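**Q** Quick one: the structure is below, questions incoming.
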């Protein structure tokens with residue numbers, strides 16, 4: 001059976017007094033009580049209605065109750081019992097007072113009345129009974145103790161008028177649902193009851209009260225204090241929240257900040273996270289901590305914007321003496337709770353006057369220092385403080401803080417260990433990469449290496465290797481995997497490439513030898529011996545500034561991108577090669593001519609591979625990015641990385657090498673075809689001396705003449721026609737090259753006393769900076785380098 005809305009405003013005298021003391025609301029019940037119509041009192045001071053003492057001019061607290069004399073419209077004084085609730089700003093109210101008074105008592109009912117029988121139940125549970133208008137009819141002593149007022153004063157009032165809080169309105173809505181539906185309802189509310197200082201959690205169990213005919217005549221309500229269960233659920237929820245929110249990354253600072261964020265405001269008003277300074281202890285916390293303690297601020301949080309309570313900023317190291325709560329907690333290995341208002345920390349606050357000022361300015365009254373411990377190590381301390389919440393930290397608060405901190409400590413230790421390992425791997429990686437690129441006459445180069453954002457350091461590398469004849473080799477490579485093992489493998493491969501490059505192998509031959517090395521490394525790694533246990537990719541190129549030709553070969557990497565002067569970027573048409581480590585598969589090289597000023601971009605696939613382009617490791621993204629070419633290669637490298645890599649960092653490590661080619665003018669190269677006649681060596685020496693004079697290198701003419709004489713004589717005696725002599729000169733070096741079609745390379749040996757020959761190459765080695773031989777498709781070339789700067793001395 002449906003019911004009409006039961007509330008009768010006229011059954012209660014109700015008024016609202018604003019913060020300035022004027023009446024802002026006046027209902028029909030108030031007019032019935034004192035006779036004044038609403039338009040006669042609204043906007044006027046409420047104090048004018050007082051006929052005598054009784055009500056305070058400015059009541060304190062959140063509730064006031066008492067009997068006062070009020071002026072009736074006809075001039076007489078009416079003694080009225082008033083219940084006043086202070087309503088702070090918010091919840092749809094201003095800063096005002098709600099004042100109510102019941103109009104006449106309600107009949108408690110006869111013994112046969114079902115409402116009366118309900119009120120006679122003797123129970124320690126707080127019980128109350130409301131009639132069909134949802135006005136209080138009866139309540140037992142336990143409920144009167146909860147409310148803090150006797151039933152005689154409250155009979156006839158609604159729950160919202162008795163409580164005066166938004167939670168009371170929720171209870172009233174629950175009573176209404178029971179009255180209209182006839183079904184029991186449970187409502188949970190968290191509020192202060194009566195004159196309590198702290199809010200409690202209440203479970204209100206509401207049930208219909210029926211007569212003999214089963215007609216609903218009212219509603220009974222029983223209140224149960226479930227504060228302990230409520231707080232237990234809150235603690236469990238906070239612990240669960242901490243397990244989700246703390247440790248989302250392997251960054252120590254971020255993890256410390258997550259711990260501070262979880263604790264505010266659920267547990268404290270102000271939290272600081274200070275960790276032992278890793279630089280002081282070499283990256284590993286000490287087994288035993290002694291005061292004074294150096295702590296670095298990693299994170300803090302506050303209920304106030306900007307964390308104004310903090311004295312130390314993140315990153316700052318502070319010294320904590322033995323009498324500080326932080327040092328006490330760390331050295332004792334347990335939580336330290338102290339009030340900041342009892343004088344126990346006066347020495348600590350005086351040690352840092354700025355901290356003492358913050359404590360007094362913000363009214364910080366309680367502090368709790370919880371050591372951050374994991375795996376038998378003490379990492380730091382979390383300090384929790386309260387100033388907005390009036391209550392001090394309890395034993396339950398301490399247990400909760402220790403539980404959350406213990407979970408966070410494991411995450412911080414994981415992040416610390418990961419950071420240390422990553423820094424170690426990064427240091428190894430950077431030590432294995434060239435610190436600076438060599439300056440050569442053949443090209444200008446710039447490079448970048450970036451570790452993966454999440455996976456960390458990998459096995460990418462780059463190199464620029466000066467070769468004989470002013471030539472220069474460029475290489476980029478990538479070892480499969482990440483971490484120290486990948487970095488170590490990269491170092492071995494880079495060393496192997498330099499060694500193979502030093503004997504002037506062609507790019508395809510060099511990759512073949514490197515492939516054999518990777519196969520052996522794979523077998524040594526403890527795998528089952530099948531190819532691919534250790535995998536790598538590589539691109540190797542050799543550029544000759546004299547011929548301006550570049551020979552390239554690749555193993556698994558995408559082709560380089562070339563940008564010629566005045567042109568547009570394009571990928572080089574370079575034969576694909578298999579990744580290193582598969583074994584037995586051939587590599588092909590290609591030779592291209594590059595105009596002077598051409599930019600060549602060599603890179604690993606981490607540069608062009610991102611989450612948005614899964615599997616797209618081709619050169620097209622780099623072709624587009626190289627369109628923003630700048631005159632500075634360093635600036636161009638930065639532009640490319642900014643254009644191709646996501647904001648959060650690359651998913652794989654990246655190596656990028658940009659080289660701008662230079663050509664050697666024909667005026668700096670001299671070439672002669674040598675007849676196979678030892679008698680003609682003297683005229684050749686004369687031609688060399690004349691050429692050095694034209695180059696203003698007469699200071700080294702004698703040495704060069706001896707070297708040329710020896711190399712040409714050896715070629716005539718032991719080589720095969722045709723024989724060619726070439727001199728190459730730049731600002732710092734003179735290179736002498738003698739080529740012939742024989743593939744037999746000479747060897748340096750020390751001649752014995754009675755030997756007639758064998759001293760030529762030894763003489764060359766002693767007179768030059770370095771010398772060597774390289775094989776070509778037509779035969780071999782013996783070369784030697786002299787310091788051209790000696791000519792000026």
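**Q** Select from region 669-690 the residues that are surrounded by fewer than 16 Cβ atoms within 10 Å (Cβ to Cβ) and more than 19 Å from residue 764 (Cα to Cα) and list them in ascending order.
**A** Passing the criteria: 671, 673, 675, 676, 677, 679, 680, 683, 687, 690.
**Q** Residue 272 - would you say it is under 22 Å from residue 392 (Cβ atoms), in the same structural domain as residue 370 (by TED's automatic domain parsing) and surrounded by 15 or more Cβ atoms within 10 Å (Cβ to Cβ)?
**A** Yes.
**Q** With 442, 473 as the choices, which residue is under 30 Å from residue 668 (Cβ atoms), touching a helix residue (DSSP H, G or I) at 6+ places or on another chain (Cβ under 7 Å), at pLDDT 95 or above and surrounded by 17 or more Cβ atoms within 10 Å (Cβ to Cβ)?
**A** Exactly one of 442, 473 is under 30 Å from residue 668 (Cβ atoms), touching a helix residue (DSSP H, G or I) at 6+ places or on another chain (Cβ under 7 Å), at pLDDT 95 or above and surrounded by 17 or more Cβ atoms within 10 Å (Cβ to Cβ), namely 473.
**Q** How about region 141-156: which of its residues are surrounded by 22 or more Cβ atoms within 10 Å (Cβ to Cβ) and over 14 Å from residue 65 (Cα atoms)?
**A** Once the filter is applied, which keeps residues that are surrounded by 22 or more Cβ atoms within 10 Å (Cβ to Cβ) and over 14 Å from residue 65 (Cα atoms), region 141-156 yields only 143.
**Q** Now for a different question. So which strands (runs of 3 or more DSSP E) stay within region 297-400 end to end and still have 3 or more residues that are under 27 Å from residue 417 (Cα atoms), over 29 Å from the mean Cα position of the chain (by Cα) and in contact (Cβ under 8 Å) with a residue 60 or more places away in the chain?
**A** Those strands (runs of 3 or more DSSP E) do not exist here; none qualify.
**Q** Right, next: Residues of region 226-237 being surrounded by fewer than 18 Cβ atoms within 10 Å (Cβ to Cβ) and touching a residue at least 40 places away in the same chain (Cβ under 8 Å), which ones?
**A** Once the filter is applied, which keeps residues that are surrounded by fewer than 18 Cβ atoms within 10 Å (Cβ to Cβ) and touching a residue at least 40 places away in the same chain (Cβ under 8 Å), region 226-237 yields 230, 231.
**Q** If I filter region 480-487 for residues that are under 30 Å from residue 776 (Cβ atoms) and modelled with pLDDT under 95, do I get at least one hit?
**A** Within region 480-487 (the criterion being under 30 Å from residue 776 (Cβ atoms) and modelled with pLDDT under 95), the answer is no, since none of the residues qualifies.
**Q** Could you tell me whether any residue of region 413-430 is more than 28 Å from the chain's Cα centre (by Cα) and either part of a helix (DSSP H, G or I) or at pLDDT 95 or above (or both)?
**A** Within region 413-430, none of the residues are more than 28 Å from the chain's Cα centre (by Cα) and either part of a helix (DSSP H, G or I) or at pLDDT 95 or above (or both).
**Q** Confirm whether residue 716 is within 21 Å of residue 695 (Cβ to Cβ) and either in contact with a helix residue (DSSP H, G or I) (Cβ under 7 Å, 6 or more places away or on another chain) or assigned to a loop (DSSP other than H, G, I, E, B) (or both).
**A** Judged against the criteria, residue 716 is not a match.
**Q** Just checking, which of 622, 645, 633 is under 32 Å from the mean Cα position of the chain (by Cα), closer than 30 Å to residue 573 by Cβ and either surrounded by fewer than 16 Cβ atoms within 10 Å (Cβ to Cβ) or at pLDDT 90 or above (or both)?
**A** 633
**Q** Kindly provide the set of residues from region 432-471 that are in contact (Cβ under 8 Å) with a residue 60 or more places away in the chain, part of a loop (DSSP other than H, G, I, E, B) and over 16 Å from residue 656 (Cα atoms), ordered by number.
**A** 441, 442, 453, 454, 455, 467, 471 - these are the residues of region 432-471 that are in contact (Cβ under 8 Å) with a residue 60 or more places away in the chain, part of a loop (DSSP other than H, G, I, E, B) and over 16 Å from residue 656 (Cα atoms).
**Q** All but one of (1) at pLDDT below 75; (2) crowded, with 16+ Cβ neighbours inside 10 Å hold for residue 98; which doesn't?
**A** Of everything listed in (1) at pLDDT below 75; (2) crowded, with 16+ Cβ neighbours inside 10 Å, residue 98 misses just condition (1).
The values are calculated or read from the model by the stated rules, or taken from the named source; none is laboratory data. Treat the numbers as computed from the prediction; the structure is a model and nothing was measured. In this analysis, Cβ positions are derived from the backbone assuming ideal geometry, glycine residues included, and neighbour counts consider all displayed protein chains.
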